[in-house]
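Worksheet: one structure, shown below.
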Amino acid sequence: MNAEIISVGTELLLGHTINTDASFVARELSAAGINLLYNCTVGDNPERLKDAVETAMHRSDILITTGGLGPTGDDLTKETVASCAGKKLVMDKTSMEHIEKYFAGRSLGETQKKQAMLPEGCTVFPNDIGTAPGCGFRAESGCLVAMLPGPPSELFPMLKKYAIPFLLKSTSQASIVSRMVHVFGLGEGYVAEQISDLCAKENPTCATYAKDGEMFVRVTARAESHEKAAAMCGPVVEGLKKRLGEFCYGVDVDSLEETVVHLLAKKCLTVATAESCTGGLLAKRITDIPGSSSVFHMGAVTYSNDVKMQLLGVPEDVLARYGAVSPQVAKFMAQGIRRRSGADFGIGITGLAGPDGGTPEKPVGLVYIALSDCNDIWVREMHRSGCSKGRSYIRFLAASNALDMIRRRVLNLGGMENAAYSREKS
């Protein structure tokens with residue numbers, strides 16, 4: 001089955017809003033075994049939207065629209081798509097009751113009520129977050145249509161909970177199961193070479209994908225039942241974990257920081273951070289995870305040398321001799337924050353995120369990350385590779401390296417430091 005996405009909204013077309021909806025829908029379609037052939041964005045113009053919808057219904061088996069289901073005057077997706085599909089709009093009683101309950105005690109205007117007008121005979125996708133329901137139906141042309149709201153907080157759960165099951169059921173698709181094997185510390189190209197035999201297989205399939213500073217392998221199996229497809233994925237996932245070893249940080253997890261927070265919580269361990277060039281990014285990524293309060297003691301952004309000395313106890317002569325961007329200063333930062341906070345682990349990060357300030361001896365992209373516990377200190381050097389990607393990338397990669405060091409220390413994996421800076425006594 002071949003699918004097409006039409007994202008509706010002038011704000012998307014002009015770049016005022018980043019279209020995260022389309023990328024999310026694309027990933028979910030891929031995981032469900034549905035081929036995505038086209039993806040376009042149309043402004044809030046009924047004629048141009050009509051042309052796009054008619055084209056999509058002619059050339060694709062499935063059409064998914066995002067946006068334009070709300071109460072405002074420029075929300076015209078539903079009316080336009082229904083007209084092209086040969087469907088009239090009727091009041092959906094359940095959706096109307098949901099809207100009335102949502103606005104209980106407040107004024108409910110006619111523009112809000114129009115959100116309950118849906119194509120006759122459609123399958124309604126309830127909006128568990130907002131007011132505008134989505135829906136799915138088959139057009140007169142035979143094209144299967146799914147209409148979803150624009151706000152990501154509403155679209156994401158609706159797609160996974162209602163729309164994808166509707167599409168799979170309506171197309172009689174075989175059950176598809178995908179597993180994600182996440183990797184930090186190995187490049188996509190290298191991993192692809194190591195698992196080339198697995199990538200050549202047709203069912204289950206393996207495919208490599210790059211992310212900022214890391215990569216993942218998606219394993220997908222197709223079978224007549226969910227249980228059988230899952231069973232087919234299992235041995236491949238275990239084989240990948242064995243081949244990738246300590247570089248595999250999790251399977252079907254959301255992020256490296258989620259893995260680290262859960263590991264720390266499981267071991268009843270705590271961490272504190274002292275950051276310079278990352279400006280608190282590491283602390284933010286940790287505290288973004290629910291439950292992080294049980295493992296995160298404190299975070300300090302120590303940009304100036306004076307604060308490094310006053311708050312963390314970095315010796316003035318060490319700063320004068322080696323400079324703020326040095327393994328020696330990173331070590332003292334990690335020690336200082338651990339002692340001040342009372343945490344089990346202290347992290348110190350200092351470096352040059354750019355775009356200016358680099359020298360031949362210390363170029364932009366050079367970052368030192370130190371981890372201290374009650375006995376030892378490890379220092380990792382992050383080199384200039386990736387500095388062409390900019391300041392944000394360098395900061396993100398430095399925080400990721402710190403998270404990887406915490407993970408390795410908790411699991412006693414080794415590989416904490418570079419060869420040039422072996423572990424030292426605290």
Filter result (closer than 18 Å to ARG27 by Cα and among the charged types (D, E, K, R)) within segment 189-213: LYS211, ASP212
Residue selected from segment 187-213 under the condition farther than 29 Å from TYR393 by Cα and crowded, with 16+ Cβ neighbours inside 10 Å, by the criterion nearest to the chain's Cα centre (by Cα): THR205
Qualifying residue in segment 34-47 (condition: farther than 15 Å from LEU148 by Cα, assigned by TED's automatic domain parsing to the domain that holds GLY142 and in a helix (DSSP H, G or I)): yes
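One line per residue, one yes/no per condition, for (1) modelled with pLDDT under 95; (2) within 34 Å of the chain's Cα centre (by Cα); (3) not aliphatic (A, V, I, L, M):
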residue: LYS88; (1), (2), (3): no, no, yes
residue: THR94; (1), (2), (3): no, yes, yes
residue: ALA104; (1), (2), (3): yes, no, no
residue: GLU110; (1), (2), (3): yes, no, yes
residue: LYS114; (1), (2), (3): yes, yes, yes
residue: PRO119; (1), (2), (3): no, yes, yes
residue: CYS122; (1), (2), (3): no, yes, yes
residue: PHE125; (1), (2), (3): no, yes, yes
Selection count where residues are touching a residue at least 24 places away in the same chain (Cβ under 8 Å), among the polar types (S, T, N, Q) and in a helix (DSSP H, G or I), scope segment 311-354: 2
Residue list for segment 250-268, restricted to those being surrounded by 19 or more Cβ atoms within 10 Å (Cβ to Cβ) and farther than 20 Å from LEU281 by Cα: GLY250
Single condition VAL81 does not satisfy, out of (1) surrounded by fewer than 22 Cβ atoms within 10 Å (Cβ to Cβ); (2) in a helix (DSSP H, G or I): (1)
Residue that is surrounded by the most Cβ atoms within 10 Å (Cβ to Cβ), among those in segment 41-58 that are in contact with a strand residue (DSSP E or B) (Cβ under 9 Å, 6 or more places away or on another chain) and either free of Cβ contacts under 8 Å to residues at least 24 places away in the same chain or closer than 30 Å to CYS206 by Cβ (or both): THR55
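Could you tell me how many of the residues in segment 151-173 are over 18 Å from the mean Cα position of the chain (by Cα) and either of a type outside the set (Gly, Ala, Ser) or buried (at least 16 other Cβ atoms within 10 Å of the Cβ) (or both)? Steps first, answer last, please.
At the first step, the residues of segment 151-173 found to be over 18 Å from the mean Cα position of the chain (by Cα) are 161-173.
From the residues that got through so far, the ones that are either of a type outside the set (Gly, Ala, Ser) or buried (at least 16 other Cβ atoms within 10 Å of the Cβ) (or both) too are 161-171, 173.
Residues meeting the conditions: 12.
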Filtered residues of segment 369-379 (kept if surrounded by fewer than 24 Cβ atoms within 10 Å (Cβ to Cβ) and among the polar types (S, T, N, Q)): ASN375
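Suppose we filter LYS113, LYS160, LYS101 for residues that are among the charged types (D, E, K, R) and within 18 Å of ASP75 (Cβ to Cβ); which single one remains? Can you show your working first?
Values: LYS160 fails: within 18 Å of ASP75 (Cβ to Cβ); LYS101 fails: within 18 Å of ASP75 (Cβ to Cβ).
It is LYS113.
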Those residues of segment 289-310 which are part of a loop (DSSP other than H, G, I, E, B), under 22 Å from the mean Cα position of the chain (by Cα), on the phi < 0 side of the Ramachandran plot and exposed (fewer than 13 other Cβ atoms within 10 Å of the Cβ), in sequence order: PRO290
Meets criteria (at pLDDT 95 or above, within 30 Å of ALA398 (Cβ to Cβ) and hydrophobic (A, V, I, L, M, F, W, C)) for PHE184: yes
Selection count where residues are crowded, with 23+ Cβ neighbours inside 10 Å, farther than 30 Å from SER294 by Cα and more than 33 Å from the chain's Cα centre (by Cα), scope segment 312-368: 0
Output for segment 273-284, where each listed residue is buried (at least 23 other Cβ atoms within 10 Å of the Cβ) and either within 14 Å of GLU257 (Cα to Cα) or without any contact (Cβ under 8 Å) to a residue 60 or more places away in the chain (or both): THR273, LEU282, ALA283
Cβ-Cβ under 6 Å pairs, at least 6 apart or on other chains, segment 390-413 side closer than 11 Å to PHE345 by Cβ and surrounded by 18 or more Cβ atoms within 10 Å (Cβ to Cβ), far side modelled with pLDDT under 95 and not small (Gly, Ala, Ser): MET405/MET416
Pairs, first closer than 13 Å to PRO133 by Cβ in segment 91-114, second charged (D, E, K, R), C-beta under 7 Å, six or more apart: MET96/LYS113; ILE99/LYS113
Enumeration of residues in segment 109-148 that are under 20 Å from GLU54 (Cα atoms), assigned to a loop (DSSP other than H, G, I, E, B) and in contact with a strand residue (DSSP E or B) (Cβ under 8 Å, 6 or more places away or on another chain): GLU120, CYS122, ALA139, CYS143
Members of segment 395-418 that are within 14 Å of TYR368 (Cβ to Cβ) and either in contact with a Cys (Cβ under 6 Å, 6 or more places away or on another chain) or part of a loop (DSSP other than H, G, I, E, B) (or both): MET416, GLU417, ASN418
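The values are calculated or read from the model by the stated rules, or taken from the named source; none is laboratory data. For clarity, every value in this text was computed on a predicted model and none was experimentally measured. Cβ coordinates were reconstructed from backbone atoms using ideal geometry, including for glycine residues, and neighbour counts include every protein chain displayed.
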